[in-house]
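J.: Pasting a structure below so you can have a look.
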Amino acid sequence: MKVVHSPLHARHDGGKELHRGELVPCFEMPVRADYILKAVQRAGFEVTEPRPFAEDSLLRVHDAGFVDFLRTAHTEWRALGKDGFMLPGAFPARGMRRDHIPAGINGKLGYYAFDSGTPIVEGTWDAALAAARCALTAASWVAEGNKSAYALCRPPGHHAGHSMYGGYCFLNNAALATQYLRDHGFARVAVLDVDYHHGNGTQDIFWERSDVLFVSIHGNPDTEYPYFLGYADERGAGAGEGYTLNLPLPHGTTWDTYSTALDAAMDTIGRFTPDAFVVSLGVDTYEGDPISHFKLAAGHFPLMGRRLAELKVPTVFVQEGGYAVEDIGTNVAGVLEGFLR
Ligand code: SP5
Ligand code: ZN
């Protein structure tokens, strides 16, 4: 399987997140990508740098003002004499203006962000754009006839919506890959999100679409991040009604329960008869993950990969979460190798 990866990911580093009332270094750290890279190289996969897609390709999925904000936020911050990482401190909640974009940088941060766990540093834009290009490159390889490809994206993307960011995500890499496939001859694309956290950004982007099926298996948002989306009764709207499927699972979920949900997800995806398949591949379902509560063992990831391959449709894998850094490479390579078996 061809792998696309950019060393520019390392530019997104040095930020902190609000965790249990304290600012701590982000669980989403550069070494994650280093471990994955080593593991896919060990597995014998060829690794290439992304193609240089124009920034315009982002607008197929994201709002132009939002993209401008991400591109310029840290420059604007530095122009005010500040430095270091940027986090929002106030958000537009019920009873406040949600249609007005404040002129100042702190207001803009709260307008576009939805959490206090996703710092913007000087290199964030370079890294996020490189990750988006990785996803687009993997999609282009599949559009050109490859049966599968893996985008080793960092930062991840599935929490980023049409015009908002959070959950360590800025640009929605999986949504960009999906839309690229739609624009290059694949009439129906299914997205399966297996990250521990609900893919709220991807769901947001395709909510009213019947050409993209979005299915997500994740920790129950009643107790798990991102809390405000990902419930089983969310099924899409308008033309997209019935084209979103959420399968929330409880704390302590083991492979037994997980694989039953995966079978249900794959049955729904099979009935959709997609022309292409995008997998948002988070491995934070692993029992050793420091911020998650499922109990998949390393040996279950190849089984997951094998189950995904049964669809027999051109497939783009896009890296999402996974924070047990020393095991993340093994678990990702496990899925990819299981898929190829
Ligand atoms: C891409 C992805 O996996 N994003 C996840 C973002 C989660 N951010 C907030 C996590 C809050 C975790 N609280 C942890 C309690 C740990 N015992
Ligand atoms: Zn996650």
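Readers should treat all values here as calculations from the given coordinates under stated rules, not as data from a laboratory. Quantities reported herein were computed from a predicted structural model and do not represent experimental measurements. So basically every Cβ, Gly included, is an ideal-geometry build from the backbone, and we count neighbours across all protein chains shown.
J.: Lys/Arg Cβ at +1, Asp/Glu Cβ at -1, dipole of the chain taken about the Cα centre: which of Leu181, Ile291, Phe114 is farthest positive-ward?
T.: Checking the options against the dipole of the chain, the answer is Leu181.
J.: To continue, here is another question. For region 1-83, report the % of Cα-Cα distances exceeding 17 Å.
T.: 68 percent
J.: What length, rounded to one decimal in nm, is gained on full extension from Ala232 through to Glu326, with 0.36 nm per residue of separation minus their alpha-carbon distance?
T.: 30.6 nm
J.: Collect residues whose amide H, placed 1.01 Å from N in the peptide plane, falls under 5 Å from the amide H of Gly322; neighbours closer than 5 in sequence don't count.
T.: Long-range HN contacts for Gly322: Val283, Asp284.
J.: If I build a Gaussian network model for the chain, linking alpha-carbon pairs within less than 10 angstrom, which residue out of Ala73, Ala324, Ala43 has the largest mean-square fluctuation?
T.: Looking only at Ala73, Ala324, Ala43, the largest GNM fluctuation is found for Ala43.
J.: Quick check: convex hull of the Cα atoms in the chain, volume per residue, rounded to a whole Å³?
T.: 125 Å³
J.: So, one more: Which GluC sites (Glu not before Pro) in region 1-52 sit in a loop by DSSP (not H, G, I, E or B) and have at most 13 other Cβ atoms within 10 Å of their own Cβ?
T.: Sites meeting the loop and neighbour criteria: Glu46.
J.: Given a cut-off of 31 Å, name the pairs among Lys38/Lys312; Lys38/Lys147; Lys2/Lys295; Lys108/Lys147 whose C-alpha atoms lie farther apart than that in the structure shown.
T.: The answer is Lys108/Lys147.
J.: Which whole-angstrom value gives the distance between the alpha carbon centres of region 181-259 and region 71-102?
T.: Comparing the Cα centres of region 181-259 and region 71-102, I get a distance of 29 Å.
J.: What is the magnitude of the charge dipole of region 1-152 about its Cα centre, with +1 placed on the Cβ of each Lys and Arg, -1 on the Cβ of each Asp and Glu, and no other charges, expressed in debye to the nearest 20?
T.: About 280 debye.
J.: Please report Lys312, Lys2 as a ranked list, fewest other C-beta atoms within 10 angstrom at the top and most at the bottom.
T.: By the 10 Å Cβ count, ascending, the order reads Lys312, Lys2.
J.: Got a sec to turn the phi values of region 313-318 into Karplus ³J(HN,Hα) couplings, 6.51 cos²θ - 1.76 cosθ + 1.60 with θ = phi - 60°, whole Hz, x for Gly and Pro?
T.: Result, rounded to whole Hz: 10, x, 10, 10, 9, 10.
J.: Quick one: which residues, 5 or more positions from Ser148 or on another chain, have an amide H under 5 Å from its amide H? H modelled 1.01 Å from N in the peptide plane, none for Pro or chain starts.
T.: Residues meeting the amide H criterion: Thr315.
J.: If the viscosity is 0.692 mPa s and the temperature 37 °C, what Stokes-Einstein diffusion coefficient in µm²/s follows for region 193-284 when Rh is the Kirkwood radius over Cα pairs?
T.: 249 µm²/s
J.: Once all Cα-Cα distances of region 1-149 are split into 5 Å bins that start at 0, what whole-number percent is in each one?
T.: Going out from 0 Å in 5 Å bins, region 1-149 shows 2, 9, 14, 18, 18, 15, 11, 7, 4, 2, 0 percent.
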